[in-house]
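Shown next, in structure tokens, is the structure this report addresses.
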Amino acid sequence: MEATVLGVIWYFLIFLLIAGYFILDGFDLGVGVLYPFLGRTDGERALMRRSIGPVWDGNEVWLLTAGGALFAAFAPAYATTFSGFYLAIMLVLFGLILRAVSLEFAHRDPKWIKLWSACFFIGSLLPALLMGVAVGNIYAGIPMDANGDYSGVPLLGLVTPFTLLTGLLGLAMFCAAGAAWLAAKAPEDSELYLRAVSARRLMQLASIALFLVVSAYAHLIIHPDMAPEFTVLRGILAVVFLAAMVASLMMKPLGRGDTPAFLLQSVAAAVLVFLLATSMFPNLVVASADSIGPSITIANAASGDYTLAWMTGIACVGVPLVLVYHFIIYRTFRGRLS
């Protein structure tokens, strides 16, 4: 069975939706993880919450859309990942709910502000770390039975040195995006701004180092022969990622360099997602060496062309509307906070 054109298109469209989430909700999560370290006063912490207040809930739409698209386009991959990673996914959802509750109550219930601040941090840290761990498992391979169901140890079986590295890479990228966003939103004469710039540079250096380690680990040990047809493209994407990160790192603060630094960080995040896509192609979930069942690929998991054609038509209408919404929101709340 060969992959259809629509199947290949939706393979990359789902990664496009994931990239949208990685960019947009990524800086929200990064702000939450950095919250107890950069916010030294009540005013600074309030400003950090206000910086993402108008946009965080809309940014999560990309995660919901990616999950729905995966279910409709590649149901077996959806079933395997959501059932095999059930405990991890529940922890991610718990974190997202905890973050939402803490943001809503932080400015309405000042008597419990320490509790809501802790919830904001934990609710941001769990998704930021576990999503990277899950991606590492999907790439490295998981044990599956003949029906394609996960057959390993729940949760603990998903933690390996490689998946921990991918989790830390994702966490570092989220934190770099969050610091870059804060540097673009905080007043230039504030201590919070200076700490945000320092944190951005530190997290970007950590991201570059982790990217090099994860890439070497993946291509020399995990899957040295993965997706040979995209070898040249992967090399180009890796160079673009490093170039965007270095360019963002070198942007001068206290001027007009903060917004370009955030945009370059966002470009690097999107490139990283598509680097994963080209490395896994045509696999959606890779089977480990001790797996009974085969890998879940575009060919054996894609829905019928009729379904994918309808999904394409809906996407052509829905995605532009979502982009217009984001354009209006970000334009309305552009500029630095006081």
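The values are calculated or read from the model by the stated rules, or taken from the named source; none is laboratory data. None of the values given here were measured: they were computed from a predicted structure. Every residue, glycine as well, gets a Cβ built from its backbone with ideal geometry; the counts of neighbours run over all protein chains shown.
Residues in the range 319-337: is at least one over 24 Å from Met48 (Cα atoms), in a helix (DSSP H, G or I) and in contact (Cβ under 8 Å) with a residue 60 or more places away in the chain?
Yes, that holds for at least one residue.
What's the total number of residues in the range 78-87 that are buried (at least 20 other Cβ atoms within 10 Å of the Cβ) and in contact (Cβ under 8 Å) with a residue 40 or more places away in the chain?
So the count comes out to 4.
Any residue in the range 152-160 that is in a helix (DSSP H, G or I) and either crowded, with 18+ Cβ neighbours inside 10 Å or not small (Gly, Ala, Ser) (or both)?
The answer is yes; a qualifying residue exists.
Can you name every residue in the range 76-116 that is modelled with pLDDT of 90 or more and touching a Pro at 6+ places or on another chain (Cβ under 7 Å)?
If the condition is that a residue be modelled with pLDDT of 90 or more and touching a Pro at 6+ places or on another chain (Cβ under 7 Å), then Val92, Gly95, Leu96 are the ones that fit.
Kindly indicate whether any position in the range 38-49 is buried (at least 21 other Cβ atoms within 10 Å of the Cβ) and acidic (Asp, Glu).
no
Regarding the range 313-325, can at least one residue be identified that is of a type outside the set (A, V, I, L, M), at pLDDT below 95 and closer than 30 Å to Leu182 by Cβ?
Yes - at least one qualifying residue is present in the range 313-325.
So if I check each of Leu249, Leu237, Leu272, which one is crowded, with 17+ Cβ neighbours inside 10 Å and within 21 Å of Met131 (Cα to Cα)? Please lay out each step first, then the result.
Values: Leu249 fails: within 21 Å of Met131 (Cα to Cα); Leu237 fails: within 21 Å of Met131 (Cα to Cα).
One residue alone meets the criteria, Leu272.
Determine whether Pro127 is touching a residue at least 60 places away in the same chain (Cβ under 8 Å), closer than 26 Å to Leu323 by Cα, touching a helix residue (DSSP H, G or I) at 6+ places or on another chain (Cβ under 9 Å) and not in a helix (DSSP H, G or I).
no
Tyr21: part of a helix (DSSP H, G or I), touching a helix residue (DSSP H, G or I) at 6+ places or on another chain (Cβ under 7 Å) and free of Cβ contacts under 8 Å to residues at least 60 places away in the same chain, yes or no?
yes
In this structure, does Leu182 turn out to be surrounded by 22 or more Cβ atoms within 10 Å (Cβ to Cβ), touching a helix residue (DSSP H, G or I) at 6+ places or on another chain (Cβ under 8 Å) and among the aliphatic types (A, V, I, L, M)?
Against the criterion (surrounded by 22 or more Cβ atoms within 10 Å (Cβ to Cβ), touching a helix residue (DSSP H, G or I) at 6+ places or on another chain (Cβ under 8 Å) and among the aliphatic types (A, V, I, L, M)), Leu182 qualifies.
Anything in the range 148-197 that is of a type outside the set (D, E, K, R), within 18 Å of Gly257 (Cα to Cα) and under 22 Å from the mean Cα position of the chain (by Cα)? List them, or say none.
Ala176, Ala177, Gly178, Ala179, Ala180, Trp181, Leu182, Ala183, Ala184, Ala196, Val197, listed by residue number.
Within the range 1-10, restricting attention to residues that are surrounded by fewer than 24 Cβ atoms within 10 Å (Cβ to Cβ) and not β-branched (Val, Ile, Thr), which residue is farthest from the chain's Cα centre (by Cα)?
Going through the qualifying residues, I end up with Met1.
Listed here are the residues, each with its yes/no results for (1) touching a residue at least 40 places away in the same chain (Cβ under 8 Å); (2) among the acidic types (Asp, Glu); (3) surrounded by 21 or more Cβ atoms within 10 Å (Cβ to Cβ).
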site	(1), (2), (3)
Gly58	yes, no, no
Trp62	yes, no, yes
Pro76	yes, no, no
Met90	no, no, no
Ile97	no, no, no
Ser102	no, no, yes
